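Engineer: One structure coming up, written as structure tokens, with questions to follow.
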Amino acid sequence: MANQKPVVVVIEDDPPIRRFLRTGLSTHDFVVFEADNGRQGIVEAGVRKPDLVILDLGLPDMDGVEVVKLIREWSAMPIIILSARSSEQSKIEALDAGADDYLTKPFGLGELLARTRVALRRWLRVPEQDPSGIFTTGNLQVDLLNRWVQIDGKEVHLTPIQYRLLSVLVQNAGKVLTHRQILKDVWGPSHAESSHYLRIYMSQLRQKLEEDPTQPKYLLTESGVGYRLRV
Amino acid sequence: MNPERPDPDELLAKIEQEQAKAKRGRLKIFFGFAAGVGKTYAMLLAARERRAENIDVIVGLIETHGRKETAELLTGLDVLPRKSIEYRGTTLSEFDLDATLKRKPSIVLVDEMAHTNAPGSRHPKRWQDIDELLEAGIGVYTTLNVQHLESLNDDIGQIAGIRVWETVPDTVFEAADEVELVDLPPDELLVRLKEGKVYLPQQAEDAIRHFFRKGNLIALRELALRQTASQVDSQMLDYREGHAIREIWPVSERILVCVGPSELGERLVRAGKRFAVGLRGEWIVAYIETPELQRLPAEKRDGILRVLRLAEQLGAETVTLSANQMSEAIIDFCNDRNITKIVMGKPSRRGWKRWLLGSVVDTLISEAHNINLYLLGSPQPGTVRHESELTRYRRGSEPGLKEILSKRKKGYFWGYVWSIGVTIICLLLTSLMFGHFELANLVMVFLLGVVFIATRYGRGPSIVASVLGVAMVDYFFVDPQYSFSVSHTQYLVTLIAMMTVAMLISNLMANVKSQAKVASHRERRATVLYAMSKELTMSQSEDEIMRTAVRHIHSEFGSQNVILLPDQTGRVVHPQDRGLPQSLYGSDLSVAQWVMDHNEMAGHGTNTLAGADALYLPLSSHEKVLGVLALVPVNLRRVFLPEQQKLLDTFIRQIAQAITRVRLAEQARITQLQMETEQLRNSLLSSISHDLRTPLATIVGSSSALAENDGSLTQEDQIELSSAIYGEAQRMSNLVNNILDMARLDAGAVELNKQWHPLEEIIGTVLTGLQKRLEGREVTVNIPPGIPMLYADSVLIEQVLINLLENALRYTPEGSPLQISVEITPFAVEVFVADRGPGIPKGMETKLFEKFYRVRQEAAQSGVGLGLAICRAIVEVHGGTIQAQNRASGGAIFSFMIPVEKQPPPMEQEG
């Protein structure tokens, strides 16, 4: 795989943005296939065997969230969604449906490439990830198997829930997790709406793991959407 | 002064009159002295002439009375079908007023002006229908006989011995644009009568034959000719006034007609009217209410009321004066109003009574030097009397009034019981004193009793007490005791003196009492008026005014009432507001609409649509009708008594003024708002045009340079141009976001997604987001431990912080430190963003938060001037406040407060 150029399917109805994505991505060693509506996009995603899908939520023929759901029926490939600023709710719906990340229009090329790389890395690494491997980002180390957390090599003691929360974030490192997803994984489906639990524990976790909790380096807040562990 | 020059006020009045006339239809009356002189015939001939001139003439209603010649004239004219009205099983056909109004011809023919309409018609009288037609701009031809003129009614009754009930007010006759006299010598009329050419109803044939005596006809003809002549005369005068011919100028006369409870009232009024017309003077009809007259029975007082209403109908001004002495009140009034002539009835006191007690007339003769007095004799006995509307009203069941009357009777009854009781107490007292005191002292005790009764119960009981007292003194104390006979003449003198004194006391006290009553009535009216006007002044909205009005009208007039206002389309509608207990429900909107359109009262107790349950009065201010006041009078007297009517008028005027005031204020507020909106739109346009064009210029310029690159641009040039495009595009993107945010907040389209958030997370998110731009700045964050979670929309609160920080970055020198701190109070969380920049210009602390406000206009560094306005809008939707201040140690400090509404939900503790 390393020698092969990664394949990206862009599903977007606006030609100038499509052109910008094509130019930007192909000059950075991506193979780009385009679709200007949802139906054709799903076909392209099935035919081209892409490593990544970039999907605009506002499509002329169908809801972008539907496209995410349809793709997720047969593939776990990373999906990055593009959304307008005011459509917060559909963004969350798309993430809940299984999208990996989102970009708010307008965005720069640098931001797009960064998100793409993170998503690809996660996607390409999953099958070969060492089941006993230790997760490392910056000075934070988490051993999911032996259940320990270290900052600068010093062990940090976490409560069971704090640990569960951290391990969910580590398992999805780099990916945006919505409040609902985290709540479901940590507290179970019955607590999906109790987002204040999550916020309290997140703030406790920051107190323990971050140097300055008001300017976090690892445990990032995605405003109005959820959280993401920076990698 | 040039005596030839007309008075400008008069000229103005003349012009106004002519303008009103131009809009009004023209009224032509074919005037005759008896039936059969050919009025209808003449009218039809005139109509045919108009028809030949191509004028739209229709026949509204013509009574041909079976005359062939008349019926022939109808051919070729449009005849309007009559309206049939069901009344007690019979079908009456009447003139169709509404059809005519709808058809709107130039001229309509309506026969017999004095006709009384069938019950249930809009107006009781045909002349009122005609008036409405004229009001609507339709010309009317009609016919009228001289005996139907209101003011001549009495005279003709005396001449012919027959009175007619169908009368037309003189004012209507005088307002006619043309009067054509249809004349026929009496001999010829009698010939026509014999030939059977004059239709006579069978049942009244004899009476009318009696009427058609030659002597009668001559007299009637003379009256008709004279009436027409005076009408011509007044037209002549109008013409003179209009053309500045002033050689002969009559001295303006003011005539006062004094009416009392006597039978003479109506005749006095009619005489006064004729007098006033003859002299071309003003006339005023006055009723002087002395304490004596206040004790009159209700029927008599109603009679006076009716006389005053008749006077108003005839065009007089009416006043009610209350005074102790009639002559005094009259003289005062005459001096005030420059009265030149007084018309009144002959004195009723005769012989020694007149000599002893005097009469008003005698006093006036001796005291009013410049005034001419005219006295009218008493009527002949046996003349038929009109039945007053009010008497008729009373005969029907009228609970309110009966109750009041019976209550009053009850009061009287107890007064007499008391007078007997007090006299008996006096007797007991004096029997103890008897033998020890002189008789004169015993008499004093009884007189004391009389005084007591007189002050409490008035004249009747006190007279009873006087008589009883005298009788008791005579029986028990005067020799011979236990007998009514008197032994000594001196005792007789004592008894007579006692009687006289007691009577005088009764009279005096009763007068004092009724004066006090009058005064208290007057004071109460003033108080009521003051109370309402005070409340009205304080009322801020139409609803409030209406509630105040309804309450006060109810308390003063005892009537359920309601104020009806028109909607946008001008249709009167029921009020939206939930009513008060005093409100009137289910008022008749069609009557209200009529009142609204005609600016005249209608409904119960009036001449228009009298079948309605309520009385409807126009609520007008400055000639403009704002709405209608509908009220159900408990008794008509309480509303139609002149003083009460005036009070109600004042009430209405006050209410109308209050409504006008509130409306003007509302209008001013809307105008102000529109102006502000306009201003805002202008500043929005100028801001947007400036702030969007500037970056666009850079983008268009730079990108065109890149697109048209022929190889001359170096690598560095290209990077510089594209980063310029990138930067400007970013700036534009921010601007557009701000504008959209503001628009969403303004439109109230923001739905708050309130959740519990730790404040440090919000601050953390903001700082992470601004990381790049904050590079090189020292940012200190000071959050005290134990801060409660905030129940808010985190995305919006983050926006507030971002805007505040961006503002700080924009307006403070690079590298200067920033500080974020949080404070808690029991009810709120306050967040501060402080800088060390140049601070805020004096007086701009609140202006900063206004839309499109920028400290330095058109400065390159500034944004569109929406950032802080957005902050304020967001904080305010959270129920908080935002403010800006200068720091004592230099720089500015912005702070916003978000109230802590409730406790966060409980958390399960981890074991």
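The values are calculated or read from the model by the stated rules, or taken from the named source; none is laboratory data. Please read these numbers as outputs of a predicted model, since none were measured by experiment. Cβ sites come from the backbone with ideal geometry, for glycine too, and all protein chains shown count toward neighbours.
Engineer: Any chance you could count how many residues in region B:754-766 are at the interface with chain A (Cβ under 7 Å from one of its Cβ atoms), of a type outside the set (Phe, Trp, Tyr), farther than 15 Å from B:ASN803 by Cβ and touching a residue at least 40 places away in the same chain (Cβ under 8 Å)?
Structural biologist: Number satisfying all stated conditions: 1.
Engineer: Exactly one condition in (1) surrounded by fewer than 21 Cβ atoms within 10 Å (Cβ to Cβ); (2) within 14 Å of chain A (Cβ to nearest Cβ) is false for B:GLY815; which is it?
Structural biologist: (2)
Engineer: Of all residues in region B:677-715 being of a type in the set (A, V, I, L, M, F, W, C) and within 14 Å of chain A (Cβ to nearest Cβ), which is nearest to B:ASP746 (Cα to Cα)?
Structural biologist: Only one residue tops the list, namely B:ILE699.
Engineer: While we're on this one: Among (1) in a helix (DSSP H, G or I); (2) surrounded by 18 or more Cβ atoms within 10 Å (Cβ to Cβ), which single condition is B:GLU806 missing?
Structural biologist: Of everything listed in (1) in a helix (DSSP H, G or I); (2) surrounded by 18 or more Cβ atoms within 10 Å (Cβ to Cβ), B:GLU806 misses just condition (2).
Engineer: Quick check: anything in region B:88-101 surrounded by fewer than 15 Cβ atoms within 10 Å (Cβ to Cβ) and more than 25 Å from B:LEU609 (Cα to Cα)?
Structural biologist: Filtering region B:88-101 for residues surrounded by fewer than 15 Cβ atoms within 10 Å (Cβ to Cβ) gives B:88-91, B:93, B:98-99.
If we keep only those that are more than 25 Å from B:LEU609 (Cα to Cα) as well, we get none.
No, region B:88-101 contains no residue that is surrounded by fewer than 15 Cβ atoms within 10 Å (Cβ to Cβ) and more than 25 Å from B:LEU609 (Cα to Cα).
Engineer: Further, regarding this structure: B:ALA747 fails exactly one of the following numbered conditions: (1) surrounded by 17 or more Cβ atoms within 10 Å (Cβ to Cβ); (2) aliphatic (A, V, I, L, M); (3) within 57 Å of the chain's Cα centre (by Cα). What is the number of that condition?
Structural biologist: The failed condition is (1).
Engineer: Does any residue in region B:767-795 that is at the interface with chain A (Cβ under 10 Å from one of its Cβ atoms) and part of a loop (DSSP other than H, G, I, E, B) come within less than 7 Å, Cβ to Cβ, of a residue that is among the acidic types (Asp, Glu) and crowded, with 18+ Cβ neighbours inside 10 Å six or more places away or on a different chain, and which pairs are these?
Structural biologist: The qualifying pairs are B:ILE783/B:GLU760.
Engineer: Name the residues in region B:716-728 that are surrounded by fewer than 17 Cβ atoms within 10 Å (Cβ to Cβ) and within 13 Å of chain A (Cβ to nearest Cβ), would you?
Structural biologist: Within region B:716-728, B:SER722, B:SER723, B:TYR726, B:GLY727 meet the criteria.
Engineer: Within region B:55-151, which helices (runs of 4 or more DSSP H) (wholly inside it) include 1 or more residues that are without any contact (Cβ under 8 Å) to a residue 24 or more places away in the chain, farther than 30 Å from B:LEU314 by Cα and not hydrophobic (A, V, I, L, M, F, W, C)?
Structural biologist: Output list reads B:68-73, B:97-103.
Engineer: Which of the residues belonging to region B:154-176 are modelled with pLDDT of 80 or more and either crowded, with 18+ Cβ neighbours inside 10 Å or in a helix (DSSP H, G or I) (or both)?
Structural biologist: If the condition is that a residue be modelled with pLDDT of 80 or more and either crowded, with 18+ Cβ neighbours inside 10 Å or in a helix (DSSP H, G or I) (or both), then B:THR167, B:VAL168, B:PRO169, B:ASP170, B:THR171, B:VAL172, B:PHE173, B:GLU174, B:ALA176 are the ones that fit.
Engineer: List the number of the failed condition for B:ALA454; all other conditions in (1) farther than 19 Å from B:LEU296 by Cα; (2) in contact with a helix residue (DSSP H, G or I) (Cβ under 9 Å, 6 or more places away or on another chain); (3) among the small types (Gly, Ala, Ser) hold.
Structural biologist: Here B:ALA454 clears every test but (1).
Engineer: I'd like the full set of residues that are in a loop (DSSP other than H, G, I, E, B) and within 11 Å of chain A (Cβ to nearest Cβ), limited to region B:729-753.
Structural biologist: Residues satisfying the conditions are B:ALA749, B:VAL750, B:GLU751, B:ASN753.
Engineer: If you don't mind, another one. Just need a number here: residues in region B:796-812 that are polar (S, T, N, Q) and within 10 Å of chain A (Cβ to nearest Cβ).
Structural biologist: Residues in region B:796-812 being polar (S, T, N, Q) and within 10 Å of chain A (Cβ to nearest Cβ): 1 in total.
Engineer: Can you pull out every residue in region B:275-322 that is over 24 Å from the mean Cα position of the chain (by Cα), part of a helix (DSSP H, G or I) and over 27 Å from B:ASN338 (Cβ atoms)?
Structural biologist: The answer is B:PRO291, B:GLU292, B:GLN294, B:ALA298, B:GLU299, B:LYS300, B:ARG301, B:ASP302, B:GLY303.
Engineer: Of the residues B:ALA658, B:ALA630, which is in a helix (DSSP H, G or I) and either farther than 25 Å from B:ARG525 by Cα or hydrophobic (A, V, I, L, M, F, W, C) (or both)? Working first, answer last.
Structural biologist: Numbers: B:ALA630 fails: in a helix (DSSP H, G or I).
Answer to the selection: B:ALA658.
Engineer: Residues B:ILE820, B:ILE763: which one is within 22 Å of B:ALA892 (Cα to Cα) and either assigned to a strand (DSSP E or B) or not assigned by TED's automatic domain parsing to the domain that holds B:GLY867 (or both)?
Structural biologist: The match here is B:ILE820.
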